[in-house]
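K.L.:
Quick one: structure below, then a few questions.
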Amino acid sequence: MKLLTFLLLPATVCLAQSDRAEAQRNPFTGNAQAIAAGRTLFNQACVACHGADGRGDRGPSLVSGNLSHGNADGEIFITIRSGVRGSQMPAFSNFTTDQTWQIISYIRSLSGPVAPTGNDQVTGDASAGKTVFEGKGGCLSCHQVGGAGKAVGPDLSGAGRLTARQLLTKVENPNQMAGGGRGRGRGAARPETVIARTRDGHEYRGTRKNSDAFTVQMVDTDGKYHSFEKSKLASLQIEPKSLMPDDYAKRLTAKEIQDVVAYLKTQNGFGSSPGLTWDRIRHADKEPQNWLTYWGDLSGRHYSSLSQINTANVKNLQAKWAVQLPGDGIVESVPLVVDGIMYTTGPVGGTAEVMALDAKTGRQLWRYQRKQKITNPYEINRVNRGVTVFGNRLFFGTLDAALVALDARTGAFLWEVQVADTMLGYSITSPPLVVKDKIITGITGGEFGVRAFIDAYDPATGKRLWRWYSIPAKGEFGNETWDAESWQHGGSPTWLTGSYDPELNTVYWAIGNPGPDINGDVRKGDNLFSCSVVALDPDTGQRKWHYQFTPNDTHDWDSTEDMVLVDRMWHGQNRKLLLHADRNGIFYVLDRETGKFLAGSPFVRATWVKGWDEDGRPITTENWRANPEGTTVYPSLGGGSNFQAPSYSPLTGWMYFMYYDGPGRYSIGPAPFEPGKQYQGRGTGGGFGPPAANGQAPPSQGMMAFDPETGKTQWKFELSQNSLSSGVLATGGGLLFAASGEGNFMALDAKTGTPLWRFGAGAQIPSSPMSYSVDGKQYVAVSSANVLYSFALPD
């Protein structure tokens, strides 16, 4: 049975925490008086945009039961009361609670009869229905349940959340909820079947995902995604009906249909179809057309082997599309691309936005918005750096420290877990890491004196599997490196996405600054595992080894920079290396099997260290620590480098990264701890040092190429403005793409640093570039302020 091709599953699950707004249930469900009152209110406030019958006009149709910003009662409530950023939907905050629920009752009635709570009768036999579903009905040819079947229509693994009446209606008359045909403006609620014929004779039939005057996006009957330019097709038909046959009332007996409904009512889980498998993620280098993880692969190289755009033709590069990302704040997200679909996040200003776009045209396929449930008044770092895709699920973290899972195909909400309490200073700003059957995430909060950790979760359920604290408790290894009880507020955040070596089955995670940031006198000792890299067993969360870059740091030199894993010849021996350009101004080479220190090379002025002992511990200079009077030390508070993406090219064997070469002025002050407030211990006169400290050359900033073998800089390209978040990307075309805080997006010759092309974005670029390919055409994408750009060579 090509069942329910346009079946639109609810976009959320009612959560146990009934005090959360989006989890609230409509108390007037099925109440005729509430529906009538809601209709009156709807006609007074909503009809101009959504039409007299809710079928859409300037605003979208409301009759399908699938609403773009959440289908749960509580989510619709929030949409009405708060509006939708970046759209014409205003906030109706003057409606009372009852009035809002009445409008929702009316909207629900537009999708057909709604069974009152407790009156969802099922008369069929679920076991017999499973037999019909998988056999005579042929439903698995379009739908998936528990991973079986095709992904042409919606995954029905959660179909039980619809009422029996709704399911029955969809089986017997799949086009009933279309209500109005392709209609007017955005009100096209009817599912549409696309038949696209290419000039070479191929025909593709499937469901429309989006279209405009020039392109059409679809999923064909094999579950594959396609994006076509209309002018290059031999013919195109778009039929205003569902792919699902509308004659099941004749092809199946009434009992068989009731049995199928009974079977679907037992499906209260979530889809587990393969999608982006672990094997594909592990071997991401075999799919250069995709960008499957935050770093591009598990090794943290942030490198693309695509070579269509190269040193000879990059001068012809041009912007192919741009997408506005409305909202407060900036965009630090690095998009993912999986089989022609791009996933990214927008600016975070109280509302998290996740989007799926056609990577070829930028056309939006779906958008999910989540309003921040609670905001710490002392909150900082209001950004989101992207998402993670695994299977058919998408995962992202929030500023109020939750981990959220969506259906990557539809944007439907699957689950959410509260990782930590944001009122204590915790939040999540970077995407999690997929390792085998786990989703691993870090946490922020180093400036708030939290006790940070790394968590692993079950991707299917959100159940926490293990937690490793970056500050050891009493009786644990390393606790003795914290004076007295200072470990309890020691910070050591884990906010940047880690790396993974499948052969060693080891996760490498960067750890940030101790708390308080500057005043080390109140936390005497090395303060493990702050300013370190830790190697963890992903199966258990147990530490294998660690290396501390800056013991007892008093300069805010987080080590939360990329841990790059490279297998290469080094000093005449093949080794498994970990490469790391630290905020303390030193480029490190470690043996990642053992954690052994191999080399440390300054890439900017670093006056705090004069060498390393045989165990790799830094030998520090006099007066390198912050003190009450203040001391000037290189590098600055912002560090020699920062968290912006570096890149390792196997073509040159060099690392490329942004740098800042300048001094910092460090002074300490009182460090009283108050939960949820910043815990700095910084004195007056701290921050960036004088323009030319102690007769030194003035500060400089830009990007550099660094040779790990020699420990020498190969070239530098200076910029006029420093950035803590603009990154670089080396490619197989011999190029280095670089973003800048100046607002220039540029391409340089990776061997010489010679600039070959640039694009003026007109605003700062606070993100890192990435590259992908669709239909054999290479693109390079980067976000500038609130715009996501994608560039390619002319057709």
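The values are calculated or read from the model by the stated rules, or taken from the named source; none is laboratory data. Values in this document were obtained by computation on a predicted structure and should not be read as measured data. Cβ coordinates were reconstructed from backbone atoms using ideal geometry, including for glycine residues, and neighbour counts include every protein chain displayed. Note: areas computed on protein heavy atoms with side chains; ligands, DNA, RNA excluded. Shrake-Rupley method; radii C 1.70, N 1.55, O 1.52, S 1.80 Å.
K.L.:
Scanning the range 741-754 for residues that are in contact with a Ser or Thr (Cβ under 7 Å, 6 or more places away or on another chain), outside any strand (DSSP E or B) and at pLDDT 95 or above, which turns out surrounded by the most Cβ atoms within 10 Å (Cβ to Cβ)?
P.N.:
ALA750
K.L.:
Residue pairs, Cβ under 8 Å, 6 or more apart or interchain, first in the range 134-160 and of a type in the set (Ser, Thr, Tyr), second assigned to a strand (DSSP E or B) and buried (at least 20 other Cβ atoms within 10 Å of the Cβ). List them.
P.N.:
The qualifying pairs are SER141/GLY149; SER157/GLN144; SER157/VAL145.
K.L.:
Ok, one more. Identify the residue in the range 660-678 that is buried (at least 19 other Cβ atoms within 10 Å of the Cβ) and in a loop (DSSP other than H, G, I, E, B) and, among all such residues, is modelled with the lowest pLDDT.
P.N.:
Here the residue is ALA671.
K.L.:
Within the bounds of the range 436-456, is there any residue that is without any contact (Cβ under 8 Å) to a residue 60 or more places away in the chain, among the aromatic types (Phe, Trp, Tyr) and assigned to a strand (DSSP E or B)?
P.N.:
Yes, the range 436-456 contains at least one residue that is without any contact (Cβ under 8 Å) to a residue 60 or more places away in the chain, among the aromatic types (Phe, Trp, Tyr) and assigned to a strand (DSSP E or B).
K.L.:
I need the full set of residues from the range 585-630 which are among the hydroxyl-bearing types (Ser, Thr, Tyr) and surrounded by 22 or more Cβ atoms within 10 Å (Cβ to Cβ), in order please.
P.N.:
TYR588
K.L.:
Given the condition on the phi > 0 side of the Ramachandran plot and in contact (Cβ under 8 Å) with a residue 12 or more places away in the chain, answer yes or no: does some residue in the range 653-671 qualify?
P.N.:
Checked the range 653-671: at least one residue is on the phi > 0 side of the Ramachandran plot and in contact (Cβ under 8 Å) with a residue 12 or more places away in the chain.
K.L.:
Shifting gears a bit: Out of curiosity, is ARG182 at pLDDT below 85, within 34 Å of the chain's Cα centre (by Cα), of a type in the set (Lys, Arg) and surrounded by 14 or more Cβ atoms within 10 Å (Cβ to Cβ)?
P.N.:
no
K.L.:
Test of understanding: among GLU503, GLU561, which residue is part of a loop (DSSP other than H, G, I, E, B) and under 25 Å from the mean Cα position of the chain (by Cα)?
P.N.:
Only one candidate qualifies: GLU561.
K.L.:
Now for a separate question. Just one of SER105, SER111, SER127 is assigned to a helix (DSSP H, G or I) and either at pLDDT below 80 or within 30 Å of ASP222 (Cα to Cα) (or both); which is it?
P.N.:
From the options SER105, SER111, SER127, the qualifying one is SER127.
K.L.:
Against the condition open to solvent by 40 Å² or more (accessible area, probe 1.4 Å), out of contact with any Lys or Arg (no Cβ under 9 Å at 6 or more places or on another chain) and either modelled with pLDDT of 95 or more or of a type in the set (S, T, N, Q) (or both), how does ASN316 come out, does it pass?
P.N.:
yes
Yes/no per residue for (1) open to solvent by 10 Å² or more (accessible area, probe 1.4 Å); (2) charged (D, E, K, R):
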| position | (1), (2) |
| --- | --- |
| GLN680 | yes, no |
| GLU718 | yes, yes |
| SER725 | yes, no |
| ALA738 | no, no |
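K.L.:
Looking at PRO794, is it of a type outside the set (Val, Ile, Thr), open to solvent by less than 10 Å² (accessible area, probe 1.4 Å) and over 21 Å from ARG583 (Cβ atoms)?
P.N.:
So PRO794 fails the test.
K.L.:
What is the one condition in (1) within 24 Å of TRP415 (Cα to Cα); (2) more than 27 Å from the chain's Cα centre (by Cα); (3) crowded, with 16+ Cβ neighbours inside 10 Å; (4) at pLDDT below 75 that HIS69 does not satisfy?
P.N.:
(2)
K.L.:
For GLY689, state whether it is touching a strand residue (DSSP E or B) at 6+ places or on another chain (Cβ under 8 Å), crowded, with 19+ Cβ neighbours inside 10 Å, free of Cβ contacts under 8 Å to residues at least 60 places away in the same chain and among the small types (Gly, Ala, Ser).
P.N.:
Answer is yes for this residue.
K.L.:
Do you know which residues across the range 298-313 are out of contact with any strand residue (DSSP E or B) (no Cβ under 8 Å at 6 or more places or on another chain) and touching a residue at least 12 places away in the same chain (Cβ under 8 Å)?
P.N.:
Once the filter is applied, which keeps residues that are out of contact with any strand residue (DSSP E or B) (no Cβ under 8 Å at 6 or more places or on another chain) and touching a residue at least 12 places away in the same chain (Cβ under 8 Å), the range 298-313 yields only ASN313.
K.L.:
Sticking with this one: Could you tell me whether TRP487 is crowded, with 19+ Cβ neighbours inside 10 Å, over 23 Å from the mean Cα position of the chain (by Cα) and not in a strand (DSSP E or B)?
P.N.:
In short, yes.
K.L.:
Given the residues ALA738, ALA705, ALA730, ALA697, which is the only one that is among the aliphatic types (A, V, I, L, M), more than 28 Å from the chain's Cα centre (by Cα) and not in a loop (DSSP other than H, G, I, E, B)?
P.N.:
Answer to the check: ALA705.
K.L.:
Here is a further query. Taking GLN764, is it open to solvent by 10 Å² or more (accessible area, probe 1.4 Å), more than 23 Å from SER305 (Cα to Cα) and either in a loop (DSSP other than H, G, I, E, B) or basic (Lys, Arg) (or both)?
P.N.:
Yes, satisfied.
K.L.:
Of everything in the range 564-605, what is of a type in the set (Phe, Trp, Tyr) and more than 30 Å from the chain's Cα centre (by Cα)? Give them in sequence order.
P.N.:
TRP570, PHE597, PHE603
K.L.:
Quick one: THR253 ticks every box in (1) free of Cβ contacts under 8 Å to residues at least 40 places away in the same chain; (2) open to solvent by less than 60 Å² (accessible area, probe 1.4 Å); (3) among the hydroxyl-bearing types (Ser, Thr, Tyr) except a single one, so which number is it?
P.N.:
So the condition that THR253 fails would be (2).
K.L.:
A further question on this structure: What is the residue count in the range 459-477 for residues that are at positive phi and open to solvent by 20 Å² or more (accessible area, probe 1.4 Å)?
P.N.:
1
K.L.:
Can you tell which of THR506, THR410, THR461 is among the hydroxyl-bearing types (Ser, Thr, Tyr) and modelled with pLDDT of 95 or more?
P.N.:
After ruling out the rest, the residue left standing is THR506.
K.L.:
Read through the list (1) buried (at least 16 other Cβ atoms within 10 Å of the Cβ); (2) under 22 Å from GLY146 (Cβ atoms); (3) modelled with pLDDT of 90 or more, then give the number of the only condition that ASP279 fails.
P.N.:
For ASP279, the exception is condition (1).
K.L.:
Within the range 766-795, can you find the residues that are touching a Gly at 6+ places or on another chain (Cβ under 8 Å), closer than 18 Å to SER227 by Cβ and hydroxyl-bearing (Ser, Thr, Tyr)?
P.N.:
Matches in the range 766-795: SER790 only.
K.L.:
Quick one: in the range 767-786, of everything that is farther than 23 Å from ASN642 by Cβ and of a type outside the set (Lys, Arg), which residue is surrounded by the most Cβ atoms within 10 Å (Cβ to Cβ)?
P.N.:
Ranking the qualifying residues of the range 767-786, first place goes to TYR772.
K.L.:
Let me ask another. Quick check on the range 211-218. Is at least one of its residues open to solvent by 20 Å² or more (accessible area, probe 1.4 Å), within 27 Å of PRO769 (Cβ to Cβ) and in a strand (DSSP E or B)?
P.N.:
no
K.L.:
Would you point out the residue of the range 24-50, among those that are part of a loop (DSSP other than H, G, I, E, B) and buried (at least 17 other Cβ atoms within 10 Å of the Cβ), that is farthest from the chain's Cα centre (by Cα)?
P.N.:
Per the stated criteria, the residue is ASN31.
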